[in-house]
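The values are calculated or read from the model by the stated rules, or taken from the named source; none is laboratory data. The model shown is predicted, which means the values in this text are computed figures rather than measured ones. Here the Cβ is made from the backbone with ideal geometry for all residues, glycine too, and neighbour counts use every protein chain on show. Note: areas computed on protein heavy atoms with side chains; ligands, DNA, RNA excluded. Shrake-Rupley method; radii C 1.70, N 1.55, O 1.52, S 1.80 Å.
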Amino acid sequence: MKFSRRTFLKASGIAAAGASVAASMPEKFLSWAEESGQKDMKSIPTFCELCFWNCGLIAKVENKKVVKIDGNPLSLRGRGRLCGRGNAALGALYDPDRLKYPMINTGKRGEPVWKRVSWDEALDVIAKKMNVIKEKHGADSMALIYHGTGASFWKHLLHAYGSPLAAAPSFAQCRGPRDIGFVLTFGADVGSPEYYDFSKSKYIVLLGSHLGENAHNSQVQDIVKGLASGAKLTVVDPRLSNIASKADRWLPIKPATDMALLLAWIRIVINEELFDREYLKKYATGFDELKTAVQEYTPEWAEKETGIAAETIVSVAREMGKNAPNVCIGAGRYFTWYGDDTQRARAIAILNALLGTWGREGGYFFPTGVKVPEYPGLPAYPEEVEAAKLDEAYPFALLQTTTTIKQATISGRPRPVKAWFVYGSNLMKTMPDKQETIKAIQNLDLLVAIDTMPMDIVSYADVVLPECTYMERYDNINIGKFKGEAEISLRQPTIEPLWETKPSWWITKELGNKLGLSSYFPWKDAEEYLAKRCAAAEINFAQLKKDGVIIKKGGAPYITADNQPEFGTPSGKIELYSKQLAEKGFDPVPKYTKHPEPPSGYFRLLFGRAPLHTFSRTSNNFMLTDLQKENGLWLNAKKGRSLGLKDGDYVTLENQDGVKAPGRIKVKLTQRLRDDAVYMNHGFGVHAKAMTRANNQGIADDDLITKSAIDPLMGGTSMRGNFVKIVKGA
Amino acid sequence: MSQIEEKDILEIMGEDLQRALKKPRNQRRWAMAIDLKRCIGCHACTTGCMSENLTPPQIHYRPVKEEEIGEFPNTGMRFLPRPCMQCDSPSCVQVCPVTATWKRDDGLVTIDYKKCIGCRYCLVACPYGARSSDVGHYYTGDMHKETYEVENSGEYGKTFRRKSHWHSPVGNARKCHFCIHRVEKGELTRCTTTCLGHATYFGDINDPQALITKLISKTNVIKYKEELGTKPQVYYIV
Amino acid sequence: MQIYGVLLPEKNRLKEWFSSFRQGKAGIFVYLAILGLILGGAGIASIFILGHGHTTNTSSLVPWGLQISTYVYFALVSGGCIFTNFIGNMFFHEKYQPLASRVIFMGLITAIAGFAALASELGHVERMYLFMVSPNPSSPMFWMSVWYTADITILLIEYINIQRHHHSKGMLYASFIIPVITYCSLGSLFGAVGTVPYYYSSLLPIYFIFSGFLSGNALCAIIAAWQIRSTGNSRLLKPFQRMQRIALASVLVLTFCRLIIGVSSGISGYEVFRETLLKNLLLGIGVSLVIPFLILMYKRSVGGLVISSLIVLAAQFMARLDLVVEGFRVPTFRVYDMPERISYMPSIFEILVVIASLSIVALVYLIAEKTGLFEIATKESR
Ligand SMILES: Nc1nc2c(c(=O)[nH]1)N[C@H]1C(S)=C(S)[C@@H](COP(=O)(O)OP(=O)(O)OC[C@H]3O[C@@H](n4cnc5c(=O)[nH]c(N)nc54)[C@H](O)[C@@H]3O)O[C@H]1N2
Ligand SMILES: Nc1nc2c(c(=O)[nH]1)N[C@H]1C(S)=C(S)[C@@H](COP(=O)(O)OP(=O)(O)OC[C@H]3O[C@@H](n4cnc5c(=O)[nH]c(N)nc54)[C@H](O)[C@@H]3O)O[C@H]1N2
Ligand code: SF4
Ligand code: SF4
Ligand code: SF4
Ligand code: SF4
Ligand code: SF4
Ligand SMILES: [Mo]
């Protein structure tokens, strides 16, 4: 084992090579003698931030420059591998368009005139404004909107200042409903990285969830492993996604009808008694109520709704039943689709529960966690003054939503929000209804953007704080929960920050000092902060720095006689029927609601991930734009031809509200998509001149998402209810 | 297959590699196998290769082609990653007027960046489009080129700085070289180690014990454009 | 070896020309050619200083473009001159004789001009010595270089012979055989590339020989016409009209065969022939071959010959570009944002290379002509 671990490390390009074999190679044809290849390189482990999967990577540094990178084989999130985006770290680090200095906007929001200032000046301006806002409106009129690992120091600052309003779009604009749906059913969410046991599954069902394009590193590896060991796969997607092309069954569902399919499946599983009787008896409640509630959802009815043949629906349900409990009906990740998303998550959870997949091999495993205590001796955060929570209207918003922050900023109700800190979130493209977002922003007294790139949101900021990239900084400890093991991973600088950029730990500490909050920032620097936290958790910090990742083993992933599950629901059981929902006036068992369909001449606007990009985050990355610089408009080939369109034609788009998206987009005629929808990659159509490669490339789905249904349970904003028509000639 | 899955394939191939390196070079035959059933079209190999070999704009040693098969709703997809095939009868080598590109005794088709006159005949002759011409573009602009772009990528285990005129790949033909600078240090090719689909296999097919040798003898294998007589050494598992 | 009077004009004629040149009386074409040479030279210099990436529009997708096609064009013209010389000598004897030294001289300078275009294309021309140090006998390009060198040498010897009236049948045949081999090897440089269906054809060497003959002959015809105008020697007209007709007819047949084979073949890559069929029929055959032929038939004057020849020269130039570039129209491995069909437009720098090559030919020839280089030989023979 010792030997093979070494070979493994070495084979992955990590272990320092011993005597170089290359040196002893006689070159038959070369008349000239050549010096060795590359000089000795230092290898510094850290982890990737081109998406939230946070895979371990190793930077090879020569002369204070990162020249190459490799995956870190110790990382459970990547297992030595990096995805198409992760490999483009140098394109992020060395982007000449990066934000370089703190700047103050002396013009208007949205039409900025930048003044370059010193850090001291920028932070002074912010601190002064914050003090005024605190005095006038209270500390909790300040909000933080964030995405990414670096945000933890900002949350700390915000709480120390006295506001609870920290919200991530990755909740209310992404996986929030999924997590809430599972919490309502199992009393626990599915985690991130998710606890899908794909590599052991015998049968996998994916709804949407286009793995491979959405490059969740280890998850992709798991599903491919599962398939290679014989798992059967069914993919429900209006579009033949990459993973659908690997599936045994592709069900090209009519968009917005997944709930019908799920309910029909639940009915079949119940009526044909394919469920795990013993499991349900032991762990679940509400079976009878569920049974009665779903009787109306026959396969024939579902066929009419979804466009999927009734026989196919029945066959898939039987296949699930046959393979249960080693079945994983994946809950995907991006979930804010049509407004009844939490209920859709409930349906998925219920189906999994019926088949007994929770805590079973090949279903959902129980993760192994690890606790790292807070930095010792920090003062408590000030008591929150204001009692009224912004999210009161959405009783199951277990986390603060961006949705209500935006609403409160516009209306001042239930209380005013006057300042936004936006960290690592390109809000202009992230929230639905851009005009509304702008309206909110115009109501602010202060908008600070902490970013690495001059993205769309940056031009709306009053003050811009240039953070250094993930390759140049320390961030907080990162914990990943996996099957039978957990990982603690470290982000550390591989080179000094370029230009005048600074890491968040430094910026927040300096700003904290200016706000008189220095007692909350007692650490000398990030290294000392991290070392202390590690010491408290008995983690060898020196080793962590050297390896980048430390693995803690333990924890049983599956239900066994002596590993009995606990459910964090009010009843302590799996709630097939949810009393708490009923009490708050919601459907205790999911119901089907018909969503509007595109009027004639219009297509439903669908969007998803490009394998080589992460939203707009990578839109200016020169390695990635070299492969894909704009998005295309996927359109059913037959339909497209009937409209007189050719592959490669440029067109413009207009939505149901008459909103025209700026820019133009290239038609991609395809056999991979239904003819009632168009599809595009999200993240393109950036409108920011300083992003020289990304500016106005392709069309932004977010420019066309003016309509959004809000999930009444938790405030998630659905984004697939918009319809577009194609305008030829661009 | 399941046996393979138990142990990480990188680990197995790493051991294979160590064994191969103990043999004299002319007894090794490097080859690659790509399992098209597993390739998920993530393009990680493409960018992995770009970052390993610091290739300039529009030069991609390992692009992944996406082909649609059939008509909606009976649509299928094929993802076809294409490194250099390291052909046994390489047409690129045949046409190079100055033997700047040649086949080594371990089968690897290499380019000598100090000999290539940049005539591009090999680009024209390669049936796979595996060769590119480095015309001296940089990602980070002409005024401010980042060190990593002008410095040495270590290709072929040699020093070729792009900014230098005499020792530079600029003006030359370039292509995938099976990461020989890594392989001879005992590291697998970058596209192998970064492949999310676990679809890329590398090793010495003269070694009957090697994972790749077993794979290509047991599974259904095709070679790309084999009819042209180039004898490609990249095996596609279908 | 005698240089002045054979390779160069006599000293005093040169001096005379030079002073008239300085007085601005050398004729507008000379000054134009010089301007062209300066511009073209600057273009070539820029290519080397700024790098190919910033100056040329060739790429990995279109590895060869205008520079290579210009090279091929001049190489073929040069070969064509030799055929003209050979056929002229064999069939028209003394009718043709007065033009011989000019034709061979033209063959020489076009070969050199072609080389200039080629050199400007290479990523590392300074390494061309490697053709000798580490040759690759299996490479058509290597053989092309060998025969090209031999070709230039033979031309030089033959030229000197003509100038000195050392006529030898042996040299005449050599000056026929070697160019044939050279142009066959140039043909196979393209024709042997199995991977580019547009090139891949056993017809290509023959096609090259005849298109070469056609374009070389057209150039010689213009020289002949000039001679007819300036000396009134109208006996030159017939041989050139006849040779041009033969050349046009054979190229027409060959082009047509190539097209038919291309269009009817189902091999992938051959779709280029189908897609460009109309263009090829209209421009490649109609305008380029049929019209000059008709002009020759119906306008049997010197003017007719000149117009027909000019059309041929221009059309063959385009035909060479078409041949080289269309081969890359269908991308070998289409990925990412690559278009389905690759298009290519030469950059200004590439066009400057053409101007440089043209100007070299024009300038050297004009000087030679104006300084009486070719008269020396004729004078001696009288
Ligand atoms: N490369 C890359 N990977 C990423 C990201 C990235 O930006 N780039 N982003 C990451 C993030 S934050 C997230 S949340 C995840 C998101 O990744 P997923 O959770 O996989 O996102 P989905 O929306 O489920 O998947 C989009 C797919 O849903 C299909 N779809 C659209 N409408 C419907 C419908 O009505 N029913 C069904 N069944 N399918 C439908 C689309 O055709 C498309 O194939 O990806 C993550 N991974
Ligand atoms: N229309 C539409 N809207 C969507 C989606 C969609 O598909 N379509 N997807 C939704 C989903 S799933 C999610 S998760 C959200 C995500 O949306 P966001 O929360 O906005 O997250 P990103 O797009 O990743 O954020 C990108 C921003 O982070 C900056 N950034 C990158 N690295 C760093 C760093 O190291 N430090 C700092 N300070 N900044 C950095 C980038 O420059 C950019 O401004 O969007 C949601 N909104
Ligand atoms: S999945 Fe890719 S982009 Fe995301 S962290 Fe991992 S390597 Fe980076
Ligand atoms: S794939 Fe092309 S470049 Fe590679 S060896 Fe074969 S012919 Fe040469
Ligand atoms: S470009 Fe270089 S390697 Fe290719 S044929 Fe010419 S000299 Fe040989
Ligand atoms: S073997 Fe190396 S050079 Fe070849 S494609 Fe893979 S990573 Fe690139
Ligand atoms: S990394 Fe592997 S799975 Fe991804 S595209 Fe390349 S070969 Fe396919
Ligand atoms: Mo997300």
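At a glance:
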item: Inter-chain shielding of C:24-34 (mean C-beta neighbours from other protein chains, 10 Å cut-off); result: 0
item: Equivalent-ellipsoid semi-axes of chain C, from the Cα gyration tensor, Å, largest first; result: 34, 25, 20
item: Principal axes of the range B:3-237: Cα extent on each, largest first, Å; result: 51, 51, 34
item: Per principal axis, descending, Cα span of the range C:258-358 in whole Å; result: 56, 37, 14
item: With DNA, RNA and ligands ignored, accessible area of C:Thr149 (1.4 Å probe; Å², nearest 10); result: 90
item: Candidate lysines - alpha carbon under 16 Å from C:Lys238, same-chain residues fewer than 8 apart omitted; result: C:Lys95, C:Lys299
item: Pairs of Cα atoms farther than 20 Å apart, the range A:269-428, %; result: 69
item: List A:Ile405, C:Ile246, ordered by accessible area with a 1.4 Å probe, largest first; result: C:Ile246, A:Ile405
item: ³J(HN,Hα) computed for each position of the range C:246-262 - Karplus, 6.51 cos²θ - 1.76 cosθ + 1.60, integer Hz, glycine/proline x; result: 4, 4, 4, 5, 5, 5, 4, 4, 5, 4, 5, 4, 4, 4, 5, 4, x
item: Within the range A:200-244: backbone nitrogen closer than 13 Å to the B:Lys218 label point (7 Å, Cα to C-beta); result: A:229
item: Protection proxy ranking, peptides C:252-258, A:258-264, average beta carbon neighbours within 10 Å, highest first; result: A:258-264, C:252-258
item: Where Cα atoms sit under 24 Å apart: lysine pairs in the range B:29-150 separated by 8 or more or lying on different chains; result: 4
item: 3J(HN,Hα) from dihedral phi, the range B:149-154, Karplus parametrisation 6.51/-1.76/1.60, rounded to Hz, x for glycine, proline; result: 7, 9, 7, 8, 8, x
item: A:Ile69 long-range amide H proximity, modeled H, under 5 Å; result: A:Lys60
item: Listed residues A:Glu374, A:Glu485, C:Glu126 arranged by accessible area, highest first, probe 1.4 Å; result: A:Glu374, C:Glu126, A:Glu485
item: Estimated dipole of the protein assembly as shown in Debye, rounded to 20 [Cβ of Lys and Arg +1, of Asp and Glu -1, Cα centre]; result: 3460
item: Built amide H within the under 5 Å cut-off of B:Gly203, gap 5+; result: B:Ala31
item: Long-range tail of P(r) for chain A (Cα pairs > 48 Å, %); result: 16
item: Kirkwood-based shape ratio for the range B:54-141, expressed as Rg/Rh from alpha carbons; result: 1.08
item: Estimated vicinal HN-Hα couplings, Hz - the range A:301-317 in sequence order (Karplus 6.51, -1.76, 1.60; Gly, Pro = x); result: 4, 5, 4, 5, 6, 9, x, 9, 4, 4, 4, 4, 4, 5, 4, 4, 4
item: 222 nm mean residue ellipticity, helices alone, for chain B (DSSP H n ≥ 4; -39,500 (n - 2.57); rounded to 500); result: -6000 deg cm²/dmol
item: Highest to lowest packing among A:491-499, A:56-64, B:212-220, scored as the average C-beta count within 10 Å; result: A:56-64, A:491-499, B:212-220
item: Size of the range B:38-90 as Cα extents on the principal axes (Å, biggest first); result: 40, 29, 21
item: Computed helical MRE - 222 nm, chain A, DSSP H runs ≥ 4 contributing -39500 (n - 2.57), nearest 500; result: -8000 deg cm²/dmol
item: Averaged over A:611-622, number of beta-carbon atoms from partner chains that fall within 10 Å; result: 2
item: 10 Å Cβ neighbours from other chains, averaged over peptide A:253-266; result: 0
item: Debye-sum result for the range A:211-293 in log10 I(q)/I(0), which assumes one identical scatterer on each alpha carbon, at q = 0.12, 0.15, 0.21 Å⁻¹; result: -0.53, -0.78, -1.02
item: 20 °C / 1.002 mPa s Stokes-Einstein diffusion coefficient of the range C:83-175, Kirkwood radius on C-alpha pairs, µm²/s; result: 144
item: Degrees, to the nearest 10: C:66-87 long Cα axis against longest axis of chain C; result: 50
item: Projected area averaged over orientations for the range A:603-727, convex hull of C-alpha atoms, nm²; result: 8.2
item: Cα Rg, Dmax (largest Cα-Cα span) when computed across the range A:290-376, Å; result: 17.0, 61
item: List B:Ser164, C:Ser309, ordered by accessible area with a 1.4 Å probe, largest first; result: B:Ser164, C:Ser309
item: Per DSSP, loop GluC sites (Glu not before Pro) in the range A:221-279 with at most 11 further Cβ within 10 Å; result: A:Glu273
item: Spatial extent of the range A:201-349: Rg and Dmax, with the Cα atoms as the point set, Å; result: 14.9, 41
item: Whole-percent pair-distance distribution, where bins are 5 Å wide, for the alpha carbons of the range A:519-607; result: 3, 9, 9, 9, 6, 7, 9, 10, 13, 12, 8, 4, 1
item: Reciprocal mean inverse distance between Cα atoms of the range A:250-316 - Kirkwood radius, Å; result: 12.5
item: Rounded tilt (10° steps) of C:11-22 against the dominant C-alpha axis of chain C; result: 70
item: Accessible area (Å², 1.4 Å probe, nearest 10) - C:Trp226; result: 90
item: Cα gyration tensor of the protein assembly as shown - equivalent ellipsoid semi-axes, whole Å, descending; result: 67, 33, 32
item: Accessible-area value, B:Cys96, 1.4 Å probe, nucleic acids and ligands omitted, Å²; result: 10
item: Estimated FRET transfer efficiency (C:Leu7, B:Asn26; beta-carbon r; R0 45 Å; 0.05); result: 0.25
item: Per DSSP, loop trypsin sites (Lys or Arg not before Pro) in the range A:520-577 with at most 11 further Cβ within 10 Å; result: A:Lys524
item: Leading residue at positive end of dipole, the range A:603-727 (Cβ point charges), from A:Ile710, A:Leu669, A:Leu633; result: A:Leu669
item: Per-selection Kirkwood Rh - the range A:101-232 (Cα, Å, 1 d.p.); result: 19.0
item: Amide H partners (placed H, <5 Å) of A:Gly716, local residues excluded; result: A:Asp711
